[in-house]
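Scroll down for the structure; my scribbles are underneath it.
The values are calculated or read from the model by the stated rules, or taken from the named source; none is laboratory data. Quantities reported herein were computed from a predicted structural model and do not represent experimental measurements. No Cβ is skipped: glycine too gets one built from the backbone with ideal geometry, and neighbour counts run over all protein chains shown. Surface accessibility is based on the protein's heavy atoms, side chains included, excluding ligands, DNA and RNA. Shrake-Rupley method; radii C 1.70, N 1.55, O 1.52, S 1.80 Å.
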Amino acid sequence: LGETFLDRHGIKSGIKLNDVIEEFKYVYKGQTIKAGDLVNYINGVAGKTDYGESVDTQINSTEYSGYTISAVALDDNRVFVAHSHTSGWLYLYGMICTIKGSTITYGDNIQLSTATYSGYRIALVKLDENRVFIAHGQDKTNHYLYGMLVTIDGTTITKDTDTQLSTIAFSGAYISAELLPNGNIFIAVAAKLLPYTI
């Protein structure tokens with residue numbers, strides 16, 4: 001009965017009810033098991049969809065377009081990707097990748113900044129499924145910290161003003177950013193680059 005149920009719900013052949021029970025036992029180890037838990041667990045296993053194996057997809061062929069990359073999921077099917085672009089200049093670019101099953105498609109690659117090294121360091125914060133905040137460095141010599149808001153409509157990207165957030169040299173050389181519950185964005189940066197030896 002268990003095997004028939006699993007087969008009927010698209011589970012790969014070769015999976016036995018005993019295997020599911022064994023896995024279930026370890027998932028619930030040390031917990032109180034209520035009536036219906038095993039049924040819910042089997043339903044969960046049966047409800048999984050196999051989308052197949054994804055193909056490694058090149059989304060940009062420009063040299064150094066993959067030197068620095070940051071990505072954030074907008075919803076179940078779209079990912080915003082910010083990345084560097086062009087050898088020697090490392091401009092900041094952005095694009096939307098759409099995922100359907102195991103297939104990856106991508107929209108236009110949009111230049112978000114014409115400043116040199118604007119794509120050298122990137123940190124993304126998703127504000128909602130239509131807005132992303134980008135913290136990034138700029139200026140090959142001083143690596144100042146800048147911030148920009150981009151708005152996304154489907155696969156169309158609209159950039160807002162790129163704003164300098166710090167005048168401290170190397171404040172944009174190493175960046176991490178996080179959205180706080182009150183809607184503010186916390187940005188951790190380097191304040192100074194110290195000499196080091198290896």
Given (1) within 16 Å of Gly147 (Cα to Cα); (2) touching a Phe, Trp or Tyr at 6+ places or on another chain (Cβ under 9 Å), index of the condition Cys97 fails:
(1)
What are the pairs, 6+ residues apart or on separate chains, where a residue within the stretch 87-116 that is touching a residue at least 40 places away in the same chain (Cβ under 8 Å) and within 13 Å of Ile59 (Cβ to Cβ) has its Cβ under 7 Å from a residue that is assigned to a loop (DSSP other than H, G, I, E, B) and open to solvent by less than 60 Å² (accessible area, probe 1.4 Å)?
Gly94/Leu112; Met95/Ile59; Met95/Gly107; Met95/Asn109; Ile96/Gly107; Ile104/Thr57; Tyr106/Ile59; Asn109/Asn60
Here are the criteria: (1) within 18 Å of Gln164 (Cα to Cα); (2) aromatic (Phe, Trp, Tyr); (3) outside any strand (DSSP E or B). Tell me which single one Trp89 does not satisfy.
(1)
Being aliphatic (A, V, I, L, M) and not in a strand (DSSP E or B) is the filter; apply it to the stretch 165-191 and report the residue that is least open to solvent (accessible area, probe 1.4 Å).
Ala173
Answer yes or no: is there a residue in the stretch 106-127 that is of a type in the set (D, E, K, R), assigned to a strand (DSSP E or B) and within 17 Å of the chain's Cα centre (by Cα).
yes
Of the residues that sit in the stretch 64-86 and are touching a residue at least 60 places away in the same chain (Cβ under 8 Å) and among the aliphatic types (A, V, I, L, M), which one is surrounded by the most Cβ atoms within 10 Å (Cβ to Cβ)?
Leu74
Report the residue count in the stretch 127-142 for those that are surrounded by fewer than 21 Cβ atoms within 10 Å (Cβ to Cβ) and at negative phi.
9
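Per-residue answers, yes or no, for (1) within 22 Å of the chain's Cα centre (by Cα); (2) over 17 Å from Tyr91 (Cβ atoms); (3) surrounded by 14 or more Cβ atoms within 10 Å (Cβ to Cβ):
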| residue | (1), (2), (3) |
| --- | --- |
| Tyr144 | no, no, yes |
| Gly147 | yes, no, yes |
| Asp153 | yes, yes, no |
| Thr163 | no, yes, no |
Can you go through Asn109, Asn130 and tell me which one is in contact with an Asp or Glu (Cβ under 9 Å, 6 or more places away or on another chain) and not basic (Lys, Arg)?
Asn130
